[in-house]
Structures are given as C-alpha cells and as structure tokens.
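Asks: Structure in structure tokens, see below.
The values are calculated or read from the model by the stated rules, or taken from the named source; none is laboratory data. These numbers come from a predicted model, not from an experiment. Neighbour counts are summed over all protein chains in view; Cβ atoms, including those assigned to glycine, are modelled from backbone coordinates with ideal geometry.
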Amino acid sequence: MRIVVTGMGIVSPIGSSVDEFWNAAINGINGIGPIKSFDASNNRSRIAGEVKDFDPKSLLSNKQIEQTDRFTQLAVYAANQAIIDAGGLDHYEPRRRAVSLGSGMGGFATFESSAERRLKNRSIPPFTVPRTMANSAAAWIATIHELKGANLTCSTACSSGGNAIGMGLDMLRAGKADAVVTGGAEACVLPLTISGFEALYALSTGFNDNAQHASRPFAKGRDGFVMGEGAAILVLEKEDTAIRRGASIYAQLAGYGCACDAAHLVAPDIDGQVAAMTAAIQDAGITPDSIDYINAHATSTPLGDVIETKAIRQLFGKHAENIIISATKSMIGHTIGASAAIGSIAAIQSLRTGMVHPTINLEEADPECDLNYAPNTAFAKTLNTALCNAFGFGGNNVSLVFSKPNV
Amino acid sequence: MNTENIEAKVIEFIASKVEEVDASTITAESEFEALGLDSMDRVQLLFDAEETFGVTFKDDEVKSFHCVKDIIDYISNHQPVSSAKN
C-alpha cells in the first residue's frame, strides 16, 4: 500500500506558506534575530528564529484565542493551509479522518505565564490546563475540521514531528484511517525554556551580537543551537483513494524508522541514528544507494553535527559522498517538535523542484564534517528519493523516506 | 466612579467578550445563559473581569452569579474602580 502526501502547510521564521518558505529557503534567507517576544537581556542566549507578524485573529475568534496557546495557534494555521491545499477532506467519513501531531513542549507559553502568576498569588487563566496539554493542538485541529478518527499526539522532544508523521503512516497502512493530518508544532521561545536549554549548554551564546551567523550547522566555530518556532502539517492518504478523488500528489511517504539509544538522555549516538535510517530505508523497500538527498537533523551543536555526519558515513559508505545534505535549521533555528515536519516539507519540495536549499553560514566546514552540505547556495539536481532525520532528547532517532510519486 | 459608570464599563466589557450577541441588546439584567455563556465561558469571563477591573472574585460568592448585574454589584461593593485598567 502506497501512502502519499496531498496537502502541505507551514508557518516558519522565513515564511508563512509553502511557497513563501520555499522561496526563502532556496535563497538562503536568514530568519534568526534578537528575541522580540520577551526581554531576554538576562539570558545568555538572546537570539531566536521567531515567526514574525503572526496574528491569531486571522484564523481564530477572540474566545478561541483565549483558549489556545501559541503552539496550537501555529498548528491550526498550518493545518488550515494543508487541508485547503489537499482540496478538503470531505471525501472521507469524519470517523476515518485522523490527526497525528508532534510537539516537544506543548503549550509551554501558557505554563510559564500561569506559573509566574501563581507564584505571585494571582489567579490563573481557567484554560491553563487545556492550553498547556501537549494534545491541545491536535484537539483543536480536529474540532475545527471535524476530524473524528484517532487523535494522537507524540512528544519525543526534537523528534516529535518525525514520530508523529511516522505514526500517521502506520495508521494508514493498518487501515485505521483514510486520511491523516500530521506534522509538528512548537512555540517555546520563552524565558524558562531558553534558560533550561542554556543550563544544558545546548544553545548558542557566542553570537548574540551577530545573530545571523549563530545557526551554523557543520561549520567551524558553531557553539550550540538557536531556538526556533513554527509548525508544519502534511495531509497523508492512500495513493489509490487520492487518485480516485483527484487529489494532487506531492510525494510518496515511503518509509519510517525509529530507534532509541537507550544509553543517555541527551547525548547523540551513532548506532541509534544508523538504526533509524536503516529501518526507514528498509521500510521503504529500497537500498541505501537510492537516497539522493538528506534533510539533516543538524542543529549546529558541536557534537551533534559530527555524530550525524559519522552516522551517514557509517550507513552509506562511499555513497555518502554522492548524497546532497542540507540543514534547514541554518536559516530558522531549531523548531524542536516542528523541525522534522518542516524538514519533511523541505525534502518534498526538493523532490518536486529538483532544488536543494542551502546550508547557510557554511563558509568553512568543521574538518570532521566532511560531506556535501550544499554550502551557502542552492543546489540543482534531479532527485528521486529523500531522507529526513530527526533526533531527540530521550535517545530518540527518527528517519522518514520520501520519494517522487512515480518512483 | 459611580454605579452607572461601573455598569456602563461592565456592559462594554461583556460586549467585547460575547462576540455572538448584538452588543446593543446587553443590559445589566442579561443572564449569562441568554448570552450563550457556558460554565467554562463564565469562568473565563470572570477571570478576564478580574484583570480588567482589578478585583478578586471569591469562589464561594461567584457560584451564585447568573447575570451581568451580579458582576456590576460585586465590583461596586468590593473595589475602588479608580484602579480599573480600562
């Protein structure tokens, strides 16, 4: 059974539609800047990839805005686009329309603001819990679009969106749904969250006055990731019914693999990454030498980018040098639970257009990062099959394989 | 601020929160149910009223609130409205 992508939607620091995002990505537009959403002067990392000019009033009533966290608002915005792009889902019975969404932190903006109020003995918004819960975004998407089948949320930190898309694939293959709205959403450019990642020494702190150069996957001098926010949603359905209802098919979601390091909560592990990529490739029924492009996890941490490079080398051997790799995070920062969904849209757009977006800020690569990362300018190449990686705290490793519809 | 001003402010506030109802039809006697406010909506409304008028509603007292006048009376009796935020 072939599962295909028939709708896409996105809101990101470099664009709030697929076309806007993709045009910006191809041109290497940088979405990183000083944090605007709160006073970050007491933080060591004072930069982020924020979504600009997002007005929830464009899609939600005042009452709905009061009842939703920003991560839900971003998710709904991207889901609306994706469902419209798919031509609507009325072809399917409401109970056969499912949601599978990923978020690492859920409604943490609400959590942080309500916690601050409570600690000052002030009353807290009555919707604190339903806004904060990680499945809030999935529930709102279902409510707005009458998606009455399974409604799942996956929280595996930075790989949440990847796992969610994989769970959507599994649901369709198992016959438990006819259409799945899937992806990831995150909005945690927040004082406590930034401080938490700072405490782990995971964030870039050396580029506060030079924000545009801070997110620099695979480059010399990188010093950690830059927080980002956004959401990306795909509509998945079975190829035969998609054709029958006349849907546009953007790509096939051919494979999904996941593996846990079961070794360390936050340190990356080559074996786990190789296992996830291998499982996804096997699941797609192809061999490693079929992979033309990898949308890398590549967060710009000193260790992570080297480990991912080594994992790619270990799995693909000599073929690793033929693969074009790029890091979307170089332009938008790390959008945590949304990152794999955004990376999936980049991978699908690469298959559709024959263009790979660049990894920006890659004037000089780390000697240990020695593959072709499409440095600084877009790369044109006919591509048939792409891999999207996502690795998360908890030792989670996820890979997705997308291929052209006719491959 | 006198009671009439408080009433006008509270009705204006309620009108801004109840998008489905014609604002010109809202009076002090309007009941929450008639305004389409379910139990969660009422809790949200009172939370927003606390923020707007600088009062703190006591849980056991708001349980009996059923119309706009209950909010007007509470604010009149409990808080100098000079501290209201709008």
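Asks: I'm trying to understand the selection: among the residues of segment A:178-187, which are crowded, with 24+ Cβ neighbours inside 10 Å and under 18 Å from A:ALA247 (Cβ atoms)?
Replies: Across segment A:178-187, the qualifying residues are A:ALA179, A:VAL180, A:VAL181, A:THR182, A:GLY183.
Asks: Which ranges mark the helices (runs of 4 or more DSSP H) fully within segment A:226-331 that have 2 or more residues being of a type outside the set (A, V, I, L, M, F, W, C) and buried (at least 24 other Cβ atoms within 10 Å of the Cβ)?
Replies: The helices (runs of 4 or more DSSP H) meeting that bar are A:302-316.
Asks: Are there any pairs, at least 6 apart or on different chains, whose C-beta atoms fall under 8 Å, with the first in segment B:35-48 and closer than 18 Å to B:LYS69 by Cβ and within 10 Å of chain A (Cβ to nearest Cβ) and the second of a type in the set (D, E, K, R) and part of a helix (DSSP H, G or I), and if so, which?
Replies: Within 8 Å, the pairs are B:ASP41/A:LYS63; B:LEU45/B:LYS17; B:ASP48/A:GLU66; B:ASP48/B:LYS17.
Asks: So which residues in segment A:220-241 are among the charged types (D, E, K, R) and closer than 16 Å to A:MET1 by Cα, if there are any at all?
Replies: Hits for segment A:220-241 are A:GLU237, A:LYS238, A:GLU239, A:ASP240.
Asks: When the residues of segment A:43-61 are filtered to those that are among the aliphatic types (A, V, I, L, M) and more than 14 Å from every other protein chain (Cβ to nearest Cβ), which remaining residue is nearest to A:ALA25 (Cα to Cα)?
Replies: A:VAL51
Asks: May I ask you to list pairs of residues, at least six apart or on different chains, whose Cβ atoms are under 9 Å apart, with the first in segment A:160-177 being on the phi > 0 side of the Ramachandran plot and the second being at pLDDT below 95 and assigned to a loop (DSSP other than H, G, I, E, B)?
Replies: Listed pairs, sorted by first residue: A:GLY175/A:MET1.
Asks: OK, next. Tally time: how many residues in segment A:352-395 are in a strand (DSSP E or B) and of a type in the set (S, T, N, Q)?
Replies: 3
Asks: Do we have any residue at all in segment A:200-216 that's buried (at least 24 other Cβ atoms within 10 Å of the Cβ), in contact (Cβ under 8 Å) with a residue 40 or more places away in the chain, out of contact with any strand residue (DSSP E or B) (no Cβ under 8 Å at 6 or more places or on another chain) and not in a helix (DSSP H, G or I)?
Replies: Checked segment A:200-216: at least one residue is buried (at least 24 other Cβ atoms within 10 Å of the Cβ), in contact (Cβ under 8 Å) with a residue 40 or more places away in the chain, out of contact with any strand residue (DSSP E or B) (no Cβ under 8 Å at 6 or more places or on another chain) and not in a helix (DSSP H, G or I).
Asks: Please state which of the following conditions A:LYS57 fails to meet, knowing it meets all the rest: (1) at positive phi; (2) surrounded by fewer than 17 Cβ atoms within 10 Å (Cβ to Cβ).
Replies: (1)
Asks: Only one of (1) within 14 Å of chain B (Cβ to nearest Cβ); (2) outside any helix (DSSP H, G or I) is not met by A:GLN64, so which one is it?
Replies: All conditions pass for A:GLN64, except number (2).
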